[in-house]
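Structure first, commentary second.
The values are calculated or read from the model by the stated rules, or taken from the named source; none is laboratory data. All values reported here derive from a predicted model rather than from experimental measurement. Here the Cβ positions follow ideal geometry from the backbone for every residue, glycine too, while neighbour counts run over all protein chains shown. SASA here: full protein model, heavy atoms, side chains in, ligands and nucleic acids out. Shrake-Rupley method; radii C 1.70, N 1.55, O 1.52, S 1.80 Å.
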Amino acid sequence: EQFTSLQSVRSGIEMAILSLASQACSTPLPQALATYSTPESSEMPIISPSKLLPINGIVTREAPMGLQSAIRGSGRRSAGSDTISYPSVKVKVGHRHSKEDANALVQSLSTVSSFSIDDSTGKRAGGVRADANRAWNEEGVLDFVAALERIDPEVIDRIEFIEEPLQRMGDFSEQVKALEELYKTTGIRYALDESIAELAEANNYNFAPIADSFRETFFGQGRAYGCSALVLKPALLGIELSMQLARMAHNELGIGAVFSSSFDSGVGLAYASFLASVADALPSANTLNKYPHGLGTFDMLNGDTLSPAFKSYVKIDGTLQVVTLGRALYGLGLDDMRDLIGPQGEPQDSSDSDIEKSDGLPSDEAEEAPEKLQQAKQYQATTSTGSAGREISVQVSLPLPFSDAIACARFSDLPQQSRWSPWLNSVAYLDAGGETEWTLNVRGVQYKWRAISKILDNPRGIMWESVSGLKNKGVVEFLPTSKDECLMKVSMSIMTPRVLASVFRGTSSFVEEFLQNKLLKWSLESFRDVVKADLALERGDVELGDALFGAVEGKMSAIEATLSYPENKLRKNESA
């Protein structure tokens with residue numbers, strides 16, 4: 001109740017809680033919501049890995065007439081173009097002459113990817129919808145419909161619905177009654193939007209009385225036949241209430257549920273898409289029209305809080321790859337998100353840092369010939385151990401299929417390290433000077449340490465040294481081998497904790513093997529694959545990005561299984 005006047009705040013808090021719950025159950029959000037959203041119900045939707053969510057494009061009221069470019073991303077894709085052809089387009093109406101509104105709606109039809117009506121079920125695929133935002137009185141609506149019929153009488157059949165065509169006529173019941181009368185007159189269906197927000201506010205966002213009002217209005221005063229869908233905006237209604245209303249729309253009212261944005265960032269759009277995918281997967285929704293969801297506003301923003309941006313998960317046919325988006329978002333926190341200003345929390349180039357390249361951490365000269373670097377075509381590693389048996393120095397390398405500039409920029413964004421190093425629980429910046437706190441977990445034993453880091457320019461790279469906790473230091477360099485390739489070289493030393501050494505029965509050779517050919521090898525290879533997947537998504541190759549993320553997930557599962565390896569099996573391996 002404390003957030004009734006700031007539903008966007010409540011929605012944000014709900015997103016944070018859902019993110020934590022997703023982490024707790026070790027499942028990306030779309031699958032977690034599908035599994036746990038309705039534990040009391042027999043309806044347990046399953047989102048398949050190939051799940052695609054249709055979304056609609058949008059034409060604003062300011063769009064100049066006659067210009068296809070005015071339709072935000074909604075035109076048909078031409079050769080060499082990345083223009084999206086949406087399965088549905090929403091046209092903002094009500095603030096121009098009725099003839100102009102009608103022309104805008106008719107023109108938008110040419111940009112819709114497909115249209116069909118199933119004769120046996122009445123289900124529609126493809127079409128346009130109008131959004132009046134309560135701009136008209138009854139006369140204004142009739143003028144608009146008459147203008148449509150003069151231009152193209154058949155266009156009426158291709159209109160999915162008009163969102164809130166009438167000015168406010170009274171309370172919720174009176175508003176729906178007026179909309180029903182309009183439907184009987186024009187034959188055009190409507191969708192509820194502002195009416196839902198007002199009803200929710202009047203009932204303090206409590207689902208029970210809201211649901212009672214719907215039941216009384218839709219059934220108590222005669223069946224409401226003209227309502228096609230509820231337009232649900234999680235940023236205004238909250239996550240939980242939106243999902244409850246969607247379930248009621250499908251299960252009780254027998255109508256669609258369209259999740260829509262309020263010009264949300266990529267984070268808000270992602271969560272809305274997760275809710276939409278769960279609602280569409282409910283068995284009760286299978287016999288209903290599943291309308292494309294109103295999440296196409298991403299193209300109207302100058303930047304995004306996600307990287308890759310939300311739009312990179314939208315295919316050219318206007319469908320969103322929800323599972324891919326959920327997989328990419330899984331495990332990322334605020335430190336992993338960025339906007340157009342640039343990466344947040346990027347290590348500062350602290351020229352006054354005390355870090356120097358240690359004699360125990362050799363670095364190959366930057367002038368090493370490219371042809372010599374080309375010889376390293378696969379993972380290579382060497383290891384040495386100090387006289388006391390606890391200090392281990394490792395030098396490893398791996399070729400990367402992208403430039404040194406890209407590699408360094410991605411790797412030096414330290415909070416993202418856990419994306420490719422599952423043995424790292426987290427990396428967080430403590431101040432603007434580059435000090436970070438690292439958390440490591442191996443076989444249930446957790447270690448923390450703080451480190452200072454410095455970005456290197458020639459060659460590109462980063463160096464670090466711990467200042468507390470687990471003693472370690474190192475250098476990572478990215479040596480260019482061609483314009484689009486480089487060699488990643490890691491030199492590091494670590495002082496093995498006594499407890500960790502005892503876990504591995506004190507055998508330095510085993511620890512060397514585990515560090516060299518397990519932790520580091522997996523981390524470098526996962527870094528390569530994660531960046532390749534990110535780059536694929538950023539250039540719009542969703543299929544490749546999805547496949548690469550799937551491969552990384554499999555490797556992560558293997559790593560986690562190894563890190564929790566039973567101690568008796570470890571002993572067998574050591575004795576072998």
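Below, the figures for the structure above:
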{"read-out": "Share of carbon and sulfur in the accessible heavy-atom surface of region 202-250 [1.4 Å probe, %]", "value": "48 percent"}
{"read-out": "Sequence of 83, 60, 111 when ordered by accessible area, the most exposed leading, probe 1.4 angstrom", "value": "83, 60, 111"}
{"read-out": "Which listed pairs, of 233/315; 99/311; 99/233; 92/233, have C-alpha distances above 25 Å, in listed order", "value": "99/311; 99/233"}
{"read-out": "Region 155-189 residues near the modelled residue 206 label - backbone nitrogen below 18 Å, point 7 Å along Cα→Cβ", "value": "172"}
{"read-out": "Solvent-accessible area of residue 299 with every protein chain in place, 1.4 Å probe, in Å² to the nearest 10", "value": "60 Å²"}
{"read-out": "Extension gain from residue 184 to residue 35, taking 0.36 nm per residue of separation minus the Cα-Cα distance", "value": "49.6 nm"}
{"read-out": "Computed accessible area, residue 196, all protein chains, 1.4 angstrom probe, square angstrom", "value": "0 Å²"}
{"read-out": "Heavy-atom accessible surface of region 127-166: percent carbon and sulfur, 1.4 Å", "value": "40 percent"}
{"read-out": "Cα-based Kirkwood hydrodynamic radius, region 189-258, one decimal, Å", "value": "12.0 Å"}
{"read-out": "Per residue accessible area in Å² of region 198-320, where ligands, DNA and RNA are left out and the probe is 1.4 Å", "value": "32 Å²"}
{"read-out": "Exposure rank, largest accessible area first [436, 383, 35; 1.4 Å]", "value": "35, 383, 436"}
{"read-out": "Theoretical gain in end-to-end length, residue 468 to residue 439 [0.36 nm per residue, Cα-Cα removed]", "value": "9.2 nm"}
{"read-out": "Computed FRET value (nearest 0.05) for residue 167 with residue 378, which takes r as the C-beta separation and R₀ as 60 Å", "value": "0.30"}
{"read-out": "Solvent exposure ordering (accessible area, 1.4 Å, most first) of 293, 97", "value": "97, 293"}
{"read-out": "Linear extension gain, residue 150 paired with residue 299, 0.36 nm per residue minus alpha-carbon span", "value": "50.4 nm"}
